[in-house]
Amino acid sequence: MFSSLARCASRAALHVLKGTSRPSKPGKVPCFGHQTLAAVPLPTVGGTTVVRHAQVLDHKRLLQVEWDDGSYSFYPFTWLRDNCQCPLCMLQSAKARSLLLTDLDVHTGMDQVQITENNKVSITWPDQHSSEFEPDWLKKRCFSPEARQARQEELFLNEREFWDSALQIPMADFEAVLHDDKAALAWLVALRRFGIVYLKGAPVEQGQLARLSRRIGYLRLTFYGHTWQVQDKPMANNVAYTSGKLSLHTDYPALHHPPGVQFLHCLQQAQQGGESEVVDGFHMAELLRREDPEAFNTLSSLYIDYTDTGSDYCDFIVQSKNRIIDVDCEGRVVRINYNNATRDSTLDLPLDQVQPFYSSLKSFVELMNRPENVVSYRMEPGDLVTFDNWRLLHGRKNYSSGGRTLRHLEGAYLDWDEVMSRMRILRKAVHGDS
Ligand SMILES: [Zn+2]
């Protein structure tokens with residue numbers, strides 16, 4: 001299926017596009033961070049989990065489950081009662097909890113536990129309500145740090161492969177992705193892992209992004225429309241709609257929730273110039289954290305104003321406040337929000353933080369522009385690039401406008417929730433995982 005992927009020379013990229021869940025580390029591309037799962041086995045799935053023994057630890061209000069490999073898991077009483085799977089506590093048709101929190105005794109005891117003949121864990125509660133739990137279901141929800149981490153990785157695929165200019169962009173066939181579940185799954189897994197996948201062979205006509213988005217769910221509508229046309233336009237309402245150079249940026253940080261995924265489809269390329277550039281923003285942020293921790297701290301703590309004003313799908317005056325390097329509560333980089341064109345002249349900082357902010361931003365931008373970090377490619381008609389707009393910064397070289405060939409890309413946005421939803425459904429269809 002992927003034998004035609006000529007540009008996919010990276011071992012890691014090939015590995016992922018073949019649908020393997022754990023790519024080997026590529027030889028040349030440095031990988032930092034988010035790699036912690038490499039040594040952690042995923043919980044056993046597929047009905048092979050067997051409970052050997054279950055014991056009530058009353059003093060700790062925990063149920064101790066011993067598995068047949070001799071390992072143990074522990075489950076709080078309250079959590080077990082809260083997650084009873086019976087038809088009274090769960091609306092089976094929605095797989096949703098119908099037990100009300102007002103009816104949950106968060107200090108419940110446990111009367112009795114038994115292993116049933118078909119190896120389920122059966123619990124009787126003090127009010128004589130009973131619950132049964134499948135071993136697989138329980139094991140996936142084990143509270144050990146390793147199991148929690150494995151489960152989160154299974155759900156969110158947060159393990160990333162960082163890259164630099166040596167990246168061979170993973171590539172797949174447009175029609176295969178549309179019609180073959182394995183190809184579609186490999187596409188989305190690679191999109192998550194590497195942040196960019198190139199699709200070849202799309203028809204050279206508008207509307208292909210809408211087709212591709214229906215493969216996932218639906219497009220994200222913004223003030224620029226369901227899809228948008230990147231062309232040199234008179235009185236452009238966006239710097240993208242000119243023939244000038246676009247410095248490395250993420251799209252739409254003027255929104256508080258910028259689009260997670262971007263699609264660009266090349267319909268016509270300029271005769272000269274117009275090459276695309278991308279950089280791995282998560283990798284750059286980690287490099288900045290090591291090389292210039294002060295700059296990293298500044299950019300990951302200060303909220304910067306963005307603005308976008310104009311009229312397109314309808315008229316708009318958009319304002320936002322975003323951190324250029326967005327981190328979660330544990331300091332992990334989760335999103336890059338940087339577009340120099342829409343960074344507002346309003347800068348809501350105390351006077352003494354203005355100069356440190358500029359120096360930090362300069363440091364970050366210089367780092368991302370180093371030739372060893374930037375991947376360049378030239379799109380030809382029928383090429384389609386899909387990338388993580390929360391992670392990658394992208395740009396383009398200027399091009400000569402006018403003449404017979406007018407450069408034309410069609411663009412569209414999606415969000416990660418919809419993309420990850422399709423990825424999980426495809427994984428279930430292809431591998432049978434739940
Ligand atoms: Zn129940």
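Report whether or not Asp82 is within 16 Å of the ligand (Cβ to nearest atom), assigned by the TED database to the domain that holds Glu146 and either over 35 Å from the mean Cα position of the chain (by Cα) or over 20 Å from Asn119 (Cα atoms) (or both).
yes
Just checking, how many residues over region 347-386 are aromatic (Phe, Trp, Tyr), in contact with a helix residue (DSSP H, G or I) (Cβ under 8 Å, 6 or more places away or on another chain) and under 19 Å from Asp280 (Cα atoms)?
1
Conditions tested, residue by residue: (1) on the phi > 0 side of the Ramachandran plot; (2) in contact with a strand residue (DSSP E or B) (Cβ under 7 Å, 6 or more places away or on another chain); (3) among the small types (Gly, Ala, Ser).
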position	(1), (2), (3)
His257	no, no, no
Ala270	no, yes, yes
Leu287	no, no, no
Ser311	no, no, yes
Val327	no, yes, no
Arg332	no, no, no
Arg335	no, yes, no
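Given the conditions (1) within 16 Å of the ligand (Cβ to nearest atom); (2) loosely packed, with under 14 Cβ neighbours inside 10 Å; (3) in a loop (DSSP other than H, G, I, E, B), report the number of the one that His59 does not fulfil.
With (1) within 16 Å of the ligand (Cβ to nearest atom); (2) loosely packed, with under 14 Cβ neighbours inside 10 Å; (3) in a loop (DSSP other than H, G, I, E, B) applied to His59, the lone miss is (1).
For region 114-134, which residues satisfy the criterion of being part of a loop (DSSP other than H, G, I, E, B), touching a strand residue (DSSP E or B) at 6+ places or on another chain (Cβ under 6 Å) and exposed (fewer than 14 other Cβ atoms within 10 Å of the Cβ)?
Thr116
Could you please give the count of residues in region 137-160 that are under 19 Å from Asp68 (Cα atoms) and either surrounded by 18 or more Cβ atoms within 10 Å (Cβ to Cβ) or within 16 Å of the ligand (Cβ to nearest atom) (or both)?
Counting residues in region 137-160 that are under 19 Å from Asp68 (Cα atoms) and either surrounded by 18 or more Cβ atoms within 10 Å (Cβ to Cβ) or within 16 Å of the ligand (Cβ to nearest atom) (or both) gives 6.
Applying the selection to region 127-136, what residues are within 16 Å of the ligand (Cβ to nearest atom), closer than 19 Å to Ser71 by Cβ and among the acidic types (Asp, Glu)?
Matches in region 127-136: Glu134 only.
Identify, from the list Ser93, Ser122, the residue that is within 14 Å of the ligand (Cβ to nearest atom) and either at pLDDT 95 or above or closer than 21 Å to Arg61 by Cα (or both).
Ser122
Please work out if Gln319 is among the polar types (S, T, N, Q), assigned to a strand (DSSP E or B) and over 24 Å from the mean Cα position of the chain (by Cα).
yes
The values are calculated or read from the model by the stated rules, or taken from the named source; none is laboratory data. These numbers were taken from a predicted model, which means no experiment stands behind them. For neighbour counting, all protein chains shown are included, and Cβ atoms are generated from backbone atoms with ideal geometry for every residue, glycine included.
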